[in-house]
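Below you'll find the structure, written out as structure tokens, and then a few comments.
Read-outs: derived from the displayed coordinates by stated rules, not from any lab. For clarity, every value in this text was computed on a predicted model and none was experimentally measured. Every residue, glycine among them, receives a Cβ derived from its backbone with ideal geometry; neighbour counts consider all protein chains shown.
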Amino acid sequence: MFLGVPYRFLRTAVFGVLVCFVLAPVVALPYRADDSINRNWPLRPLGDQFGEVMDLVVAWMANQGRFFPGSALYGLMVWNGLPSRAAYATYLALLGLACIGLFVVVAWCLTRSAHLAALAGFGAAMCFQVRFVDFDGLAGFAGLVPYTIILTLISGMAAAVVLRGGSRWWVWAIAVPWTLAITSYEVSLLMLPALFVVLWGLVRH
């Protein structure tokens, strides 16, 4: 106890405040990189928007060998659903919190340690502060990076449930998020080695 407040409550409060400080700059950032252009999609009829993103998908396939229809459709939903900067910034912050929260849950399931789970959460939050020129893992590309990571982690956790004897209906919780993830961004494929380790640890527990 500290001044009558349980230490567990204090640890949780400090963790929450620090993570929110990491995400707070998102609220003040302007539209960056592709977002500065893509945010104008809602100014055109929805049919024209859909045609434009499908042209992008074809161009990615032809010029770069990348198949990302999930990314294009995700962008359409984000920019049409969050037309104001305030709504967009709030969404990015919540998306970041959800991603960090999933890291904490996975770490706790693997270790059963609140301290290591908190450390995993801090690590995830710090990684969102890494920037390479115009590439921003959290505040750019409509939040595509944390969105894809969330889908990948959900797929892995659902796979662990199935492997531990859970209902086969959980297969849908694997197939749908994983399909969206691998058709949205390469980060899902880069995470595969770590995902297999997580899967192995969750099944053992």
Quick one: angle between helix 114-127 and the longest Cα principal axis of the chain, in degrees between 0 and 90, rounded to 10, please. 30 degrees
Distance between modelled label sites at ALA59 and SER84, nm, 7 Å Cα→Cβ extension: 3.1 nm
Rounded to the nearest 0.05, what FRET efficiency do MET126 and TYR91 give with R0 = 25 Å and r taken as the Cβ-Cβ distance? Could you check? 0.75
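Report the gain in length on full extension from CYS20 to LEU163: 0.36 nm times residue separation, minus Cα-Cα distance, nm rounded to one decimal.
Numbers: separation 143, 0.36 × 143 = 51.48 nm, distance 3.50 nm.
Using 0.36 nm per residue and subtracting the Cα-Cα distance, I get 48.0 nm.
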Explain nothing, just compute: Karplus ³J(HN,Hα) = 6.51 cos²θ - 1.76 cosθ + 1.60, θ = phi - 60°, for every residue of segment 187-203 in order, whole Hz, x for Gly and Pro. 4, 5, 6, 5, 7, 3, x, 5, 5, 5, 5, 4, 4, 4, x, 5, 5
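Contour minus end-to-end for TYR31 and LEU46, with contour as 0.36 nm per residue of separation and end-to-end as the Cα-Cα distance?
3.2 nm is the gain from fully extending TYR31 to LEU46.
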Relative to the longest principal axis of the C-alpha atoms of the chain, give the angle of the C-alpha long axis of helix 7-23, reported between 0 and 90° and rounded to the nearest 10°. 20 degrees
Can you tell me the 0 to 90 degree angle between the C-alpha axis of helix 144-163 and the longest principal axis of the chain, rounded to 10? 50 degrees
Take every Cα-Cα pair in segment 148-198 and report what % of them are more than 18 Å apart. 24 percent
Among (i) 1.01; (ii) 1.15; (iii) 1.07, which one is Rg/Rh (Cα atoms, Kirkwood Rh) computed from these coordinates? (i)
Of the residues GLY75, GLY123, GLY51, which exhibits the maximal mean-square fluctuation in a Gaussian network model of the chain defined by a 10 Å Cα contact cut-off? GLY51
